[in-house]
Amino acid sequence: MERVATGAWIDRPLMRAVSGLTLAATLAALAHLYLGSSGTLDAWGRPLGTDFSNVWTAGRMALEGRAAAVYDLVAHHRVQQEVHGSAAVPFYGWLYPPPFLLVAAALATLPYLPALILFQFATLLPALLVLRRILPDRDTVLVALGCPAVLVCLTHGHNGFLSAALFGGGLLLLGGGRPALAGLCFGLLSYKPQFGLLLPLALLAGGERRAVGAAAATVAGLALLPAALFGPEVWTAFLLSLGQTRTVMLEGGGPGWHTMQSAFAAVRAWGGGVGPAYGAQALVALAAALATVWVWRQRAAFELRAATLVLGSLLATPYGMDYDLVLLGPVLAFLIRDGLRRGFERWELSAFALAWFMPIAARPLALHGGVPAGFLSLCLLLGLVLGRVRQDLAAVPAEHQPARREAAPESEPLCPSRILPRTRTENTAWTSPSTRSAISS
């Protein structure tokens, strides 16, 4: 038990072995799906890439001059049936705001399968690059690719890699003293508006006004583009569809409560009504917002602020899916980076390993055991981060705490050396001299 508490059981050979096995399982699962497919449908009659079906067909409709119709469930489902050549094809709803139609339309200029492959790998690559920049270790890419979240995202043909690249990249740029570029990334993330609830609060609390301005300008520009290309009616259709989206997809649990990683979904899965579910979600969102603002107002290490913001954003939304847990990649990278500099608390490394594995376990545990494991793992990680921040603030005199970052030089470390080291356990899994040197530089 002591080895579990200290994380001593996690060493580099074990990480490589487990990551290699899970990566091999991912490749085998993808090969099984594609080899057993017929046209664009898998052996179970579902589109390959499942949710990508709504992206490609929405793009096709936009290119055909029917952009507003993507928010008509019946019309959109009919196009999906035509594309895949089967009336039994499940419907995958288009819930994105109009700017994401620009990406969908570009993808729809290619045939379905090449577009799916291009989208997945063109977004996976920058996500891996961001993680490698946060945690510059020779095994970072292997451990990232082996994470079960990659399998979940690839089989759903989803945009989790894009979200991780934009969110993690924006934070990396912000920590490196490039607030305008960071704001650009955060603005582009508005295609998933549910993950932007806490961004302005955190950035304003941290004094990052340039990033806020750049993000606002990016969102405004993105809002104008689809209106100019597809007509202003596309925004009208989107706004009118929000009520239907809320009742069918959220309150009615369209995707299945077991796929949603939120307090709202947990209450609904346990038989609670819509009112109590919204009440529980409001409490969690408020707690996440208060925690995020508190951390960003403190003189805490930037890695801890970054991890808090991503975790708080995942907890604040009632509509977070298991494939969105790809965002745990930047969270874990930032926390390991901070731990390598100043030590790890007891149980932290084991908690990180659990979070790494959770994306593949969250759905079956919720479906068959009624346990909202994904949601609980997010709460656990946020609690660990807040514990780190409290200990740092209690142990380090104010004059030794790092100043709140506004426009730090690019070469300045994310976590300045003025922070005094914690008295914590040290794990050797990520402690090669090259890794420590890259993180310290």
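Nothing in this text is a laboratory measurement; each read-out follows from the coordinates by a stated rule. Everything numeric here is computed off the predicted structure, so don't read it as measured data. As a convention, Cβ positions derive from the backbone with ideal geometry for all residues, glycine included, and neighbour counts pool all protein chains shown.
Can you tell me which of 77, 158, 32 moves the most in a GNM of the chain? Springs connect C-alpha atoms under 10 Å apart.
32
If you build the Cα gyration tensor of the range 332-372 and take the root of 5 times each eigenvalue, what three semi-axes come out, in whole angstrom, biggest first?
Working through the eigenvalues yields semi-axes of 28, 10, 6 Å.
Checking a compactness column here: for the chain, what do you get for Rg(Cα) / (2.2 N^0.38 Å), N being the number of residues?
On the way: Rg = 21.7 Å, N = 441, 2.2 N^0.38 = 22.2 Å.
Against the empirical 2.2 N^0.38 Å value, I get 0.97 for the chain.
In debye, nearest 20, what is the charge dipole magnitude of the range 33-151 about its Cα centre with +1 on Lys and Arg Cβ and -1 on Asp and Glu Cβ, if you could check?
I would put it at about 160 debye.
Where in the chain are the DSSP H helices whose alpha-carbon span along the long axis reaches 24 Å or more and whose Kyte-Doolittle mean is at least 0.0?
12-35, 112-134, 209-230, 274-297, 348-369, 373-395
Are there chymotrypsin sites (Phe, Trp or Tyr not before Pro) in the range 238-336 that DSSP puts in a loop and that have at most 14 other Cβ atoms within 10 Å, and which ones?
270
Ignoring everything except DSSP H segments at least 4 long, calculate the 222 nm mean residue ellipticity for the chain; use -39,500 (n - 2.57) per segment, divide by total residues, nearest 500.
Numbers: 20 runs with 282 residues, N = 441.
Value at 222 nm, helices only: -20500 deg cm²/dmol.
From the residues 206, 368, 67, which one has its Cα farthest along the dipole of the range 40-440 in the positive direction, the dipole being from +1 and -1 charges on Cβ of Lys/Arg and Asp/Glu about the Cα centre?
206
About its Cα centre, what dipole magnitude does the range 40-440 give when the only charges are +1 on Lys and Arg Cβ and -1 on Asp and Glu Cβ, stated in debye to the nearest 20?
840 debye
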